[in-house]
């Protein structure tokens, strides 16, 4: 019923495109502006998430169901290990306010934000047209923070409110998603957070770039990066819009993480993603070898040697080659027993899409890329 019958990408096309993107990443980023609303959202994340925190990213989180489930797993893990003092934040990012507003927790946080603005005991600060409202409870772990950043657009006199979202790839597609419930939404950000669970509306590529720019100064550690059921673009003519066919693919590898976990109901998508990592590794390795050859030929030897060293040190695919060679595996359905004895076992789907696949008996697959020493 949900089977995708798109033929595989031609091997030579995959090699050519992925290699070209790896060697021209800097040019792509130079001509790709960072979305203003994502910058505002990321600034709020820097205000909320403390330095030295461990981050788990759920990119393209949709309604945020998967983000909540990942957050619950982290909480259970830390509850079982009382000696675990690591501060872990789970961050869901998506570009659609409509999808995020389907999240009950997200809507509740928005309602709390409106109520908090009417309370006299709230602590409120205003800085650079950004309002931050914090409500403290007796337990710091249950600190609830709701942020509303209203950014004045340089191209319009109106202020707008937006939330966290970015399941599609291209920043320029944002202009097609500014009308929500008949209202115009431009250059505005709503960031909601509670108990180390954070939702951000933003463009993924812009967010990843900002994360890389500020990761060192914030002393953040990226533990796991989830990409759950990205749009497979199941038409051959649109394969360059898939993550591994897009110019931002090397950025995904650069962002990295101790683990990168990608799920799809299309096994071929994950297999081609695995192959693309091997192609990227080969492209960067070949570039370093060519720079070494130029060094041996005494053609601007110092510059060639520096270039070779730089390329080897920035081969972002190399740590994941070992896992990529293993390829994807069929996901094992997690079974949880309900509390009442008479209840049947219930399948757990991390996202709404995964629940639907489980319900109809469709196979889903997972590619687990684990960072290795190289």
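The values are calculated or read from the model by the stated rules, or taken from the named source; none is laboratory data. Remember, predicted model here, so these are calculated numbers, not experimental data. No Cβ is skipped: glycine too gets one built from the backbone with ideal geometry, and neighbour counts run over all protein chains shown.
So if I check each of 66, 72, which one is surrounded by fewer than 21 Cβ atoms within 10 Å (Cβ to Cβ) and within 17 Å of residue 199 (Cα to Cα)? I'd like the intermediate steps shown before the answer.
On the way: 66 fails: surrounded by fewer than 21 Cβ atoms within 10 Å (Cβ to Cβ).
None of the others qualify; the one that does is 72.
Give the residue, chosen from 253, 270, 278, that is assigned to a helix (DSSP H, G or I), at pLDDT 95 or above and in contact with a strand residue (DSSP E or B) (Cβ under 6 Å, 6 or more places away or on another chain).
Every option except 270 fails the conditions.
Exactly one of these conditions fails for residue 330: (1) at pLDDT 90 or above; (2) loosely packed, with under 14 Cβ neighbours inside 10 Å; (3) over 30 Å from residue 63 (Cβ atoms). Give me its number.
So the condition that residue 330 fails would be (3).
When you check residue 233 against the structure, is it closer than 16 Å to residue 14 by Cβ and free of Cβ contacts under 8 Å to residues at least 40 places away in the same chain, yes or no? Explain how you work it out, then say what you get.
Numbers: closer than 16 Å to residue 14 by Cβ: yes; free of Cβ contacts under 8 Å to residues at least 40 places away in the same chain: yes.
Judged against the criteria, residue 233 is a match.
Check 285, 323 and return the single one that is at pLDDT 70 or above and within 26 Å of residue 70 (Cα to Cα).
Numbers: 285 fails: within 26 Å of residue 70 (Cα to Cα).
Being at pLDDT 70 or above and within 26 Å of residue 70 (Cα to Cα) holds for just one of 285, 323, which is 323.
Confirm whether residue 57 is outside any loop (DSSP other than H, G, I, E, B) and surrounded by fewer than 14 Cβ atoms within 10 Å (Cβ to Cβ). Talk me through it step by step, then tell me what you get.
Working: outside any loop (DSSP other than H, G, I, E, B): yes; surrounded by fewer than 14 Cβ atoms within 10 Å (Cβ to Cβ): no.
It is false that residue 57 is outside any loop (DSSP other than H, G, I, E, B) and surrounded by fewer than 14 Cβ atoms within 10 Å (Cβ to Cβ).
Mind checking whether some residue in the range 290-298 is at pLDDT 80 or above and surrounded by 12 or more Cβ atoms within 10 Å (Cβ to Cβ)? If you could, list the steps in order and put the result at the bottom.
In the first step, residues of the range 290-298 are kept if they are at pLDDT 80 or above; the result is 290.
When the remaining residues are screened for being surrounded by 12 or more Cβ atoms within 10 Å (Cβ to Cβ), the result is 290.
Scanning the range 290-298 turns up at least one residue that is at pLDDT 80 or above and surrounded by 12 or more Cβ atoms within 10 Å (Cβ to Cβ).
Is it true that some residue in the range 26-37 is part of a helix (DSSP H, G or I), modelled with pLDDT under 95, touching a helix residue (DSSP H, G or I) at 6+ places or on another chain (Cβ under 8 Å) and buried (at least 23 other Cβ atoms within 10 Å of the Cβ)?
yes
Taking only the range 256-286 into account, find how many residues are more than 24 Å from residue 349 (Cβ to Cβ) and either surrounded by fewer than 20 Cβ atoms within 10 Å (Cβ to Cβ) or free of Cβ contacts under 8 Å to residues at least 24 places away in the same chain (or both).
Residues meeting the conditions: 6.
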